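Notes follow the structure.
The values are calculated or read from the model by the stated rules, or taken from the named source; none is laboratory data. Just so it is clear, the structure is predicted and the values come from calculations on it, not from any experiment. As a convention, Cβ positions derive from the backbone with ideal geometry for all residues, glycine included, and neighbour counts pool all protein chains shown. For accessibility, only protein heavy atoms count, side chains too; no ligands or nucleic acids. Shrake-Rupley method; radii C 1.70, N 1.55, O 1.52, S 1.80 Å.
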Amino acid sequence: MSWFMKNFVRDNAFTLAMLPICAFLYSLSNKFGGNVSRGGIGPDAWPKAAILLIVSVSFLELAVYVFKHRREVGAVAQEAAKAEDGEEKTLYPRLLYAGCLLTTGYVAVVEYFGFTLTTYAYLVAFMYIGRYRNHKVIWGSSLIGALVMLFVFVKVVYVSLPEGVAPFNALTWLLYRLMNVN
């Protein structure tokens, strides 16, 4: 284990310990019973909200620690990037940040544009960000990937996916009819 990781674990032991505890408590909160009036919230809402707040603050605290020690993180990344023959691999941190922003944007707009359209655009953009440049493969595999995920989530797993708002929900319903998944 590298020097940075030892310090990271040592300095953030409490925060790291909170994450599995929160996961356990969240799973227990799913077992709360009780009657919920129409449109109301159940007895599990506030415990879940508190747990999610603790998890969010924990991840924020870990991110702040990494940001404050970014030079050490960069040194660890450079060390890990060295190939067996001693050659260094090129790192692209801006591409990593762009991928993170793209994923955050996906979560932000999926309710508006709907699952299929947003997933398709996400896959296309992610491949371009990742510096892949075979355009036919990018557009074709993204289409196939979005449709396969739609089919699996709706028909196999029975997950209700975001349809989007008008006019984007019309595409969702058209795909449901064409794929017979409605």
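Anything in segment 152-176 that is farther than 14 Å from GLY114 by Cα and either β-branched (Val, Ile, Thr) or at pLDDT 90 or above (or both)? List them, or say none. Don't jump to the end; show me each part of the working.
Here is the first cut: in segment 152-176, the residues farther than 14 Å from GLY114 by Cα are 152, 155-158.
Correct list: VAL152, VAL156, VAL157.
Hey, among TYR132, TYR128, TYR120, which residue is within 21 Å of LEU95 (Cα to Cα) and buried (at least 17 other Cβ atoms within 10 Å of the Cβ)?
Values: TYR132 fails: buried (at least 17 other Cβ atoms within 10 Å of the Cβ); TYR128 fails: buried (at least 17 other Cβ atoms within 10 Å of the Cβ).
Step by step, each of TYR132, TYR128, TYR120 is checked, and only TYR120 is within 21 Å of LEU95 (Cα to Cα) and buried (at least 17 other Cβ atoms within 10 Å of the Cβ).
Restricting attention to segment 121-145, which residues are outside any helix (DSSP H, G or I) and touching a residue at least 24 places away in the same chain (Cβ under 8 Å)? I'd like the intermediate steps shown before the answer.
Let us first name the residues in segment 121-145 that are outside any helix (DSSP H, G or I), namely 130-134.
Correct list: GLY130, ARG131.
Give the number of residues within segment 149-182 that are surrounded by 11 or more Cβ atoms within 10 Å (Cβ to Cβ) and on the phi > 0 side of the Ramachandran plot.
Total meeting the criteria: 1.
Would you check which residues across segment 94-134 are among the β-branched types (Val, Ile, Thr) and under 29 Å from ALA166 (Cβ atoms) and list them? Steps first, please.
Just the residues of segment 94-134 that are among the β-branched types (Val, Ile, Thr), to begin with: 103-104, 107, 109-110, 116, 118-119, 124, 129.
Of everything in segment 94-134, those that are among the β-branched types (Val, Ile, Thr) and under 29 Å from ALA166 (Cβ atoms) turn out to be THR103, THR104, VAL107, VAL109, VAL110, THR116, THR118, THR119, VAL124.
All but one of (1) under 19 Å from the mean Cα position of the chain (by Cα); (2) open to solvent by 60 Å² or more (accessible area, probe 1.4 Å) hold for ALA146; which doesn't?
(2)
In segment 6-47, what count of residues is obtained for those that are loosely packed, with under 11 Cβ neighbours inside 10 Å, at pLDDT 75 or above and not in a helix (DSSP H, G or I)?
Of the residues in that region, 2 qualify.
Okay, residues lined up against (1) open to solvent by less than 80 Å² (accessible area, probe 1.4 Å); (2) farther than 30 Å from PHE8 by Cβ; (3) at pLDDT below 95:
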{"residue": "HIS69", "(1), (2), (3)": "yes, no, yes"}
{"residue": "TYR97", "(1), (2), (3)": "no, no, yes"}
{"residue": "LEU101", "(1), (2), (3)": "no, no, yes"}
{"residue": "TYR106", "(1), (2), (3)": "yes, no, yes"}
{"residue": "VAL109", "(1), (2), (3)": "yes, yes, yes"}
{"residue": "VAL124", "(1), (2), (3)": "yes, yes, no"}
{"residue": "VAL137", "(1), (2), (3)": "yes, yes, yes"}
